[in-house]
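Enquirer: Sharing a structure with you now.
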Amino acid sequence: ARAAALRGHAVELFEAGPALGGQMLGALKPARARKTLDHLRDYLVREVERLGVEVRLKTRWSTERLAEDAPDALVLASGARPAPPTLPGAWDPRVVQAVDLLAGAAPAVAGDTVTVVIGGGLVGCEAALWLTRRGGRVALVERGTRLAARVSADLRSHLLWALDDAGVRVHTGTEATAIDTAGVSCRGASGEPAHLPAERIVLAAGAEAVAELWEEIEGRADKIFRIGDCYAPRGIRQALAEGHRAGTAI
């Protein structure tokens with residue numbers, strides 16, 4: 001929206017939620033990264049306000065608006081959602097999605113609750129830290145050999161230090177195989193079975209694009225762009241770069 005407005009276009013920005021920022025609002029980052037993201041979000045919000053972008057909060061855009069708005073260009077940036085769980089037992093009421101927990105959409109747990117977090121990417125690490133800082137006892141399960149393998153080296157080193165400092169029990173090379181009434185069944189790298197007791201299970205096992213609108217809008221405006229996580233779930237750098245390219249291409 002900022003890039004398109006800088007080029008002199010009249011821009012409307014639709015957001016289904018009550019505030020701008022997307023996943024930046026819900027992500028609990030380590031102290032260094034959280035401050036950076038807060039500054040980034042504040043800057044972008046100030047920019048769209050300064051440039052006269054018409055912001056429509058709590059408004060979900062739909063194809064019914066096409067005839068009324070007759071846009072010359074459409075940019076779909078609807079983000080991502082947690083991938084549907086396939087783990088046996090994952091529909092148990094004790095199971096919550098990490099993104100819901102961090103965003104406040106899932107109830108917090110008691111301070112000394114035993115939790116298993118399944119998925120050791122950035123979101124899983126953040127969820128584990130969030131829980132331990134509130135007094136919880138947390139085990140983090142990652143089937144790969146490295147935690148936070150897709151984040152930058154400096155952020156990863158900080159995450160690893162923070163997890164160790166918080167006392168999170170890390171199980172890399174371990175695959176969760178099922179959820180039962182007592183906790184999570186796992187399989188180690190050499191195939192040995194294990195069981196982790198849990199009162200709460202948090203899933204951080206991947207995401208999928210929210211792109212249902214894509215097929216509906218394709219070909220119905222002069223220019224259509226699909227950017228960020230709704231093209232493919234990745235990182236904030238890719239989303240920012242694609243947003244800038246779309247705005248300057250209009």
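The values are calculated or read from the model by the stated rules, or taken from the named source; none is laboratory data. Note that the structure is predicted; figures quoted are calculated from it, not measured. With ideal geometry, Cβ positions are generated from the backbone for all residues, glycine too; neighbour counts draw on all protein chains shown. Note: accessible area is taken over every heavy atom of the protein model, side chains too, but ligands, DNA and RNA are not part of it. Shrake-Rupley method; radii C 1.70, N 1.55, O 1.52, S 1.80 Å.
Enquirer: Just to confirm the number: angle between the C-alpha axis of helix 31-50 and the first principal axis of the chain, 0 to 90 degrees, nearest 10?
Expert: In the chain, helix 31-50 runs at an angle near 20 degrees to the longest axis.
Enquirer: Given the options 1, 66, 153, identify the residue whose Cα lies farthest towards the positive end of the charge dipole of the chain (+1 on Cβ of Lys, Arg; -1 on Cβ of Asp, Glu).
Expert: 153
Enquirer: Same structure again: Going by accessible area, probe 1.4 Å, with all protein chains left in place, what is the ranking of 223, 58, largest first?
Expert: Listed by decreasing accessible area, they come as 58, 223.
Enquirer: Once you compute Rg and the Kirkwood Rh from C-alpha atoms, what is the Rg to Rh ratio for segment 1-101?
Expert: 1.06
Enquirer: Report the charge-dipole magnitude of the chain in Debye, nearest 20, computed about the Cα centre from +1 at each Lys and Arg Cβ and -1 at each Asp and Glu Cβ.
Expert: 780
Enquirer: Along its three principal axes, how long is segment 188-250 when you only count alpha carbons? Whole Å, largest extent first please.
Expert: 56, 26, 25
Enquirer: Count the net charge of all other residues whose Cβ sits under 14 Å from the Cβ of residue 245, scoring Lys and Arg as +1 and Asp and Glu as -1.
Expert: In short, +4.
Enquirer: Can you sort 212, 142 by 1.4 Å-probe accessible area, starting with the largest?
Expert: 212, 142
Enquirer: In addition: For the chain, what is the mean residue ellipticity at 222 nm derived from helices alone (per DSSP H run of n ≥ 4: -39500 (n - 2.57); sum divided by total residues; nearest 500 deg cm²/dmol)?
Expert: The per-residue figure over the chain is -9500 deg cm²/dmol.
Enquirer: Also, I was wondering about something else. Once Cα extents along the principal axes in Å is worked out from the coordinates, which option in (1) 59, 35, 32; (2) 90, 57, 33; (3) 94, 40, 33 does it equal?
Expert: Evaluating Cα extents along the principal axes in Å on these atoms matches (1).
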